[in-house]
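Here is the structure we will look at.
The values are calculated or read from the model by the stated rules, or taken from the named source; none is laboratory data. This is a predicted model, so every value here is computed, not measured. Note: ideal-geometry Cβ built from the backbone for every residue, glycine included; neighbour counts use all protein chains shown.
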Amino acid sequence: MYLCNSPAVTCEKTDMATTERSTSTVALRNGRWSGYRHLLWARILELKREPEVVFWVFIFPLLLAAGLGIAFRNKPADVTSVVIIDGAGAQKTLMMLQAVPGKSSPDKGSSIRAIVLDREAALKGFHFGKFDLAIESNSDGSCTYYYDPARPESVLSRAEIDAALQSAAGRKDAISTSAQSSSEPGSRYIDFLIPGLLGMNLMNSGMWGVGFALVEMRQRKLLKRFVATPMRRSDFLLALASSRLVLMVIEVGLLLSFGVLVFHMRVRGSILSVILLGSLGAVAFGGVGLLTACRAQKIESVSGLINLVMMPMWIFSGVFFSYDKFPAIAHPFIKALPLTALNDALRATITEGASLGSQSGRLLVLAIWGGVSFILALRWFRWT
Amino acid sequence: MAFVGSPIECTNLRKTYDGKVEAVRGLSLRIEAGQCFGLLGPNGAGKTTTIEILEGLLAPTSGEVRIFGHTWNDNPRQLREWIGISLQETRLSEKLNVRETIELFASFYSEPRAADEVLEELKLTEKADAWVGKLSGGQKQRLAVATALVGNPRILFLDEPTTGLDPQSRRQLWEIIRAFQKKGGTVLLTTHYMDEAERLCDGLAIVDHGQIIAEGAPSDLIDRLGGHHVVEFQVSGDGNGDADHLDRWRSLPSVESVRREDSTLCLSVREPHLTIPALLDAVAKDGNQLEHLSTRQASLEDVFVQLTGRHLRED
C-alpha cells in the first residue's frame, strides 16, 4: 500500500471517494496552509479569551496615555504661583502684581497667581514646591526674591515677576515686543508621548506575546506535542508572528485614535507608513522575543530575561522623555537600540510627517535586530 | 513511501544523558501490525525515554529505529502522518474548547478524520464546546488520545495513558484502545499498572534499568513463574524465615518457588489443593500457629518481583 502526499492537491475538506483509508467514514484532505490557518486562529482565540492580554495590550497603554497626558498637559505649567511674605510692603506688591495688564487672564498663555502668607507658611510652601517664588518686600521699598535655581519654573517666575514689578513701578520697555503663544498640536508632551507609548507597547507585546507564550507552551509540553505531529515548524512560528501583526494593527489603531480623539493629536505622516513601521517593529521585537525564549524551560526564568532585555530600552529609548538628556557620548549606543529606532521613526512619521525613505537608518537598525535574532533563535531553538 | 517491515522495530537502543546517566541500555524490540504492545516497568526504568526515541522526539545515543521500515531521518513528516502520540504529560491550551483543539490537531495531517467522528468515538461530543481547562482528568486524557487519533494514524503511542485516572475512566480508555486495535491499528503503550498490561496487551516487555528483562505475552510470562497460583501465609513462633526454612517450604508438593516479604511467605504453586494440606501439616508438626493464609492467581507483579526482587510500585 502506498501513501501519496501530492502537493498538487489544494482543495480542503472535500470528500475523497477513492481514499484508501477505510477506517474513516468521511475522508478529509487538508491543503498546504491548513495548519498555519488553524494555528493562527487558535492563537487569536486564546488571546481574545485571556482578559489579562486584553487589559495589558489594549487598555493599559490607553490609561497610561490618559494619565500622563492629563498630568503633563501644558496649561497649568504656565501659571506662575508666587507667595508674598506678609510684611510692610506686602499688600502694595500684591496690588502691583494684580495690576499687570493682560497677565491675569489664563488664555493669554500665562498668568500670575499671588497670595500673601506669613513668613513661616510662605517659606514652607515655597520649599515644598507649592509656590515657584517667594517675595519679601523690605521696608525701604526694595524686594528680595527667594527662588530655587534647580527648578526651571522657579527661575522662570523670578524673571517674570521681576519684569512685572518693574513695569508696574513705571519702567518703560526699551523696545516694543510682542509674543505669540504656541501650544499647537504637534509640540505638546502628549504628542511626544503617544509615539513613544506605541513603540513601548509594540516592544512589550512582542516580547511577552512571543517570548512568554513560547516558554509557557514549552513548559506545558505543548511544543513537544506539536512537533510530534506532521505540523511544519515554520508554520508554527509564522502563525505566531502573524498573530502579532494582527494585534499590532489593533494596538496602533486604538492608541492613535485615542490620541486624535481625546488630545486632538495630529497624525501628519500616512497611516500606511505608521502601519508599516508598526509591522517592522512588531516583527523585530517578535524576533528578539523568540531569541530570549529560545532555550528557557521555565516561565520564571524567561520573565526575568524579558525584563532584563527591556529594562535598558524603557530608560534610554525615549519613551517618556527625550534621550537627549543623556550625555552625547552615549547617543550612538542609545540609537542602536531597537526601541530607540522605532520610537524615533514613529515620532518623525506621526508628528513631522517624515517619509519612510528618509529614515532608512532607523529601519535598518530594526531590520538587523529582527533578522539577526530570528536567525540565532532558529539555530538555538528548543522544541522540547 | 511504502509500508515495509514491522510497524515498530528497534535494535540495540542506547540513550545516555549528559554522558553520565544511562537511561536506556541496549534495548531491542519488534512489534507486529495489529499488536497492542506494552512496556511495563517501575518509574525511572527508561520507558518514557524509549517510547520518545521510537516516536522520533529524542535521538538515541546509538542504535536504530524503524517505523514501517523507515528511519526517522528518511522522511520524518511522512512518518508523523502514520503515527499518533499521547505524551505522558501535555497540558493542552486551556482557553480553546474541545472541538477547536481536535480541529487544530486535525489541520496538521494531510488526511485527517472528521472531528465529529472522533468526538463521538471518544465520548466527548457533549463536551465539544467546553474549554479544555474545565475538563476532568479522564476527559482531558480522552482528549489527548483524540488529538492522537484524529490524524488517522496506523500506530498509536501512549505514554502512561491511564496514570492518575479513576477506574471508570481507565476502562473507557481501554475500550478506545481496543477499538483502535480492532480496526487494524498497532499500539505501543507504557504503564506501571499490572492489570492494565495484563488486560490490554498481547505482547509485553518488562523493562528495568533501561533493559528488557523479560518479553512475551502476559500469560506466557506468568507461565514462566512455574505456577499460576500464589499461596501467602504467616506463621507465629520463632524463626520461620531463614534459608533452611525457605528450602523446607520449597519441598512441599507442587511448589515451584518461594520468596519472603517481611513476615509473609509467598509460594508459587501449580496446584494449591496439593500444597495447602501439606502446608497445614508442616505448620502443625512444628507446633506453630498459622496466622494468615490466602491464595490468589499469579500476576505480572509476581513475575516482576521474581525477576528483580522488587515491587513495581514501591508504595
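Remarks
- Summed over the range B:187-239, the residues that are under 24 Å from B:V145 (Cα atoms), part of a helix (DSSP H, G or I) and among the charged types (D, E, K, R) give a count of 4.
- Number of residues in the range B:78-97 that are of a type in the set (A, V, I, L, M, F, W, C), more than 7 Å from chain A (Cβ to nearest Cβ) and over 20 Å from A:N30 (Cα atoms): the value is 0.
- When residues of the range A:200-225 are limited to those that are closer than 17 Å to A:L63 by Cβ and not hydrophobic (A, V, I, L, M, F, W, C), the one surrounded by the most Cβ atoms within 10 Å (Cβ to Cβ): A:N201
- Checked against the criterion of being in a loop (DSSP other than H, G, I, E, B), at pLDDT below 95 and either crowded, with 22+ Cβ neighbours inside 10 Å or away from chain A (no Cβ under 13 Å) (or both), the range B:140-150 has no qualifying residue.
- Among the residues listed as B:L92, B:L79, B:L57, the single one being among the aliphatic types (A, V, I, L, M), under 21 Å from A:G35 (Cβ atoms) and in a helix (DSSP H, G or I): B:L79
- Here B:V24 meets each of (1) in contact with a helix residue (DSSP H, G or I) (Cβ under 7 Å, 6 or more places away or on another chain); (2) not in a strand (DSSP E or B) with one exception, condition (2).
- In the range B:108-126, the residues that are within 12 Å of chain A (Cβ to nearest Cβ) and either in contact (Cβ under 8 Å) with a residue 40 or more places away in the chain or hydrophobic (A, V, I, L, M, F, W, C) (or both): B:F108, B:Y109, B:E111, B:P112, B:A114, B:A115, B:V118, B:E121
- Residue among B:F37, B:F68, B:F105 that alone is of a type in the set (F, W, Y), over 26 Å from B:D202 (Cβ atoms) and either more than 12 Å from chain A (Cβ to nearest Cβ) or touching a residue at least 40 places away in the same chain (Cβ under 8 Å) (or both): B:F105
- Filter result for A:P338 (touching a Phe, Trp or Tyr at 6+ places or on another chain (Cβ under 6 Å) and of a type outside the set (S, T, N, Q)): yes
- Just one of the listed residues (B:V150, B:V132, B:V145, B:V207) is within 22 Å of B:N97 (Cα to Cα), among the aliphatic types (A, V, I, L, M) and in contact with a strand residue (DSSP E or B) (Cβ under 6 Å, 6 or more places away or on another chain), namely B:V145.
- Checklist (1) surrounded by fewer than 17 Cβ atoms within 10 Å (Cβ to Cβ); (2) more than 14 Å from chain B (Cβ to nearest Cβ); (3) modelled with pLDDT of 85 or more applied to A:D78, failing item: (3)
- When the range B:265-315 is filtered for residues that are part of a loop (DSSP other than H, G, I, E, B), among the small types (G, A, S) and within 17 Å of B:P218 (Cβ to Cβ), the ones remaining, listed by number, are B:A298, B:S299.
- Among the residues of the range B:264-306, not one is in contact (Cβ under 8 Å) with a residue 60 or more places away in the chain and closer than 15 Å to B:H245 by Cβ.
Let's see how each residue does on (1) within 19 Å of the chain's Cα centre (by Cα); (2) assigned to a helix (DSSP H, G or I); (3) within 14 Å of chain B (Cβ to nearest Cβ); (4) closer than 23 Å to A:F374 by Cα:
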{"position": "A:K224", "(1), (2), (3), (4)": "no, yes, yes, yes"}
{"position": "A:S242", "(1), (2), (3), (4)": "no, yes, no, yes"}
{"position": "A:V249", "(1), (2), (3), (4)": "yes, yes, no, yes"}
{"position": "A:F258", "(1), (2), (3), (4)": "yes, yes, no, no"}
{"position": "A:V262", "(1), (2), (3), (4)": "yes, yes, no, no"}
{"position": "A:M265", "(1), (2), (3), (4)": "yes, no, no, no"}
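- Selection status of B:T61, β-branched (V, I, T), away from chain A (no Cβ under 11 Å) and closer than 21 Å to B:N12 by Cα: yes
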